[in-house]
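To start, the structure under review is shown below, and the notes come after it.
The values are calculated or read from the model by the stated rules, or taken from the named source; none is laboratory data. The structure displayed is predicted, hence computed values, not measured ones. Cβ placement follows ideal geometry from the backbone for every residue including glycine, while neighbour counts extend to all protein chains displayed. Heavy atoms of the whole protein, side chains included, go into the accessibility calculation; ligands, DNA and RNA do not. Shrake-Rupley method; radii C 1.70, N 1.55, O 1.52, S 1.80 Å.
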Amino acid sequence: MVKVAVCGAAGRMGQRIIVAITEADGAVLSGALERQGHPLVGQDAGLLAGCGELQVKINDDLNAVVEGCDVLIDFTTPKVSLKNLEACALKKKAIVIGSTGFTPEERALAAELAKDIPAVLAPNMSVGVNVCFKVLKDVAKTLGDDFDVEIVELHHNKKKDSPSGTAVRMGEVVAEALGRDYNKVANYHREGICGERTKEEIGMQTVRGGDIIGEHTVYFIGMGERIEISHRAMTRDMFSRGSVRAAKWVVGKKPGLYDMQDVLGLR
């Protein structure tokens, strides 16, 4: 049995991951981590998640939680994730990170810390989204430069980063397939007399509102025709199940930074 600990265990995502662990074959919840001073520290993680008593209490001691696990699942923020990654590296434990909003510098630091342990870092743990990444690469290569590319993403009004990490990754995949530098061609803002659209740019549009879990559409727009590739999340369980699948996969792998394409064998 793979011993899995969950960071942010009292949050919405953390609770769904705990449920997914109890439903998965070959995995068991070994620890539940929350920030120091959290009001739910000491509560049973299973009762809090609604899946019955698991005799694993919410803990605010990072080192103790990491010590008792084979792999830590982290859906928090880049700053917290890097701290947890460092703790895992010191104790030679694997980690799965689903946090979004990493800067290029933070991602480089994550890769450096992962030189000693196996780590999965992915902006989206959904199996369907990661299949979309592969499809987008193939479509972009086939269509080439004759189609304009626009990406629109929708999320709930509590999401802090924009555009979403998934949308950014979609843009990166398309840009790589077309031989472009995403950081140079991504266009996040159009207002006023902004001039004609360039052939190379990839438009990135963001919508925030209500309780939308996550929707992403990539438009390939040509003369007289349009291709739309969309993914819509109806529940957070797809992310939690994907993270547990990644946790079971990464334990025992060689040190390095992996993503869900590696986990699913799509690379």
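Filtering Gln55, Gln15, Gln36 for residues that are outside any loop (DSSP other than H, G, I, E, B) and farther than 19 Å from Ala119 by Cα leaves a single hit, Gln15.
Annotation note: of Lys115, Lys93, Lys57, Lys83, the sole residue that is touching a residue at least 12 places away in the same chain (Cβ under 8 Å), open to solvent by 60 Å² or more (accessible area, probe 1.4 Å), in contact with an Asp or Glu (Cβ under 7 Å, 6 or more places away or on another chain) and of a type in the set (Lys, Arg) is Lys57. What single numbered condition from (1) open to solvent by 60 Å² or more (accessible area, probe 1.4 Å); (2) in contact with a Pro (Cβ under 8 Å, 6 or more places away or on another chain); (3) assigned to a strand (DSSP E or B); (4) of a type outside the set (S, T, N, Q) fails to hold for Met204? Unmet for Met204, out of (1) open to solvent by 60 Å² or more (accessible area, probe 1.4 Å); (2) in contact with a Pro (Cβ under 8 Å, 6 or more places away or on another chain); (3) assigned to a strand (DSSP E or B); (4) of a type outside the set (S, T, N, Q): (1). State whether the residues of region 174-183 include one that is closer than 15 Å to His216 by Cβ and open to solvent by less than 80 Å² (accessible area, probe 1.4 Å). For region 174-183, residues closer than 15 Å to His216 by Cβ and open to solvent by less than 80 Å² (accessible area, probe 1.4 Å): present. Number of residues in region 142-157 that are polar (S, T, N, Q) and in contact (Cβ under 8 Å) with a residue 40 or more places away in the chain: the value is 1. For region 129-155, a tally of residues being open to solvent by 30 Å² or more (accessible area, probe 1.4 Å) and either part of a loop (DSSP other than H, G, I, E, B) or out of contact with any Phe, Trp or Tyr (no Cβ under 7 Å at 6 or more places or on another chain) (or both) returns 12.
Table: residues versus (1) closer than 12 Å to Asp61 by Cα; (2) touching a helix residue (DSSP H, G or I) at 6+ places or on another chain (Cβ under 7 Å).
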site	(1), (2)
Val4	no, yes
Ala9	no, yes
Arg12	no, no
Arg16	no, yes
Ala20	no, yes
His38	yes, no
Val41	yes, no
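Annotation: Met170 fulfils all but one of (1) modelled with pLDDT under 95; (2) assigned to a helix (DSSP H, G or I); the unmet one is (1).
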